[in-house]
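The block underneath contains the structure these notes are about, expressed in structure tokens.
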């Protein structure tokens with residue numbers, strides 16, 4: 001699993017990256033009440049908009065940590081957005097993206113680097 005400074009995570013299997021928000025981000029948001037996942041077929045670029053998550057505190061954009069084409073969106077989140085809080089780094093994933101540039105993953109932080117980064121916040 002790899003991480004961004006914007007608190008997104010990526011887990012790659014083959015040429016497909018599963019993307020979600022970190023436990024830290026979910027905790028900061030509070031109770032998630034709505035998630036807008038991207039449409040299948042949407043092309044995303046690193047740093048571009050991927051999804052929207054709304055909580056009782058705020059609405060936040062979720063940015064694409066990698067570039068590619070959305071091949072699957074987590075439809076369960078439409079009816080059960082609270083899964084993002086319960087399992088942010090598991091069942092609460094937002095989208096799966098077919099990587100257009102797998103090398104982008106290498107630029108992301110590993111867990112140890114992300115934990116160190118969190119210590120600076």
- prompt: What spacing in nm lies between the two simple spin-label points modelled at residue 31 and residue 5, each 7 Å away from Cα in the Cβ direction?
  reply: 3.4 nm
statement: When the chain is treated as a Gaussian network with springs between alpha carbons less than 10 Å apart, the largest mean-square fluctuation among 22, 37, 46 is found at 46
- request: Of the listed values [x] -0.46, -0.59, -0.86, -1.16; [y] -0.37, -0.51, -0.86, -1.28; [z] -0.40, -0.55, -0.95, -1.45, grab the one calculated as log10 I(q)/I(0) by the Debye sum over Cα atoms at q = 0.12, 0.14, 0.18, 0.22 Å⁻¹ from the structure here.
  value: [y]
task: Return the distance in nm (one decimal) between the two label points of a simple spin-label model at residue 116 and residue 76, each offset 7 Å from Cα along Cα→Cβ.
output: 3.4 nm
- prompt: Where the centroid of each part is defined by its Cα atoms, how far is the range 47-64 from the range 88-121 in Å?
  reply: 16 Å
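Here, each number is a calculation from the coordinates, and none is a lab measurement. Quick caveat, the model's predicted, so the values are computed rather than measured. Here the Cβ is made from the backbone with ideal geometry for all residues, glycine too, and neighbour counts use every protein chain on show.
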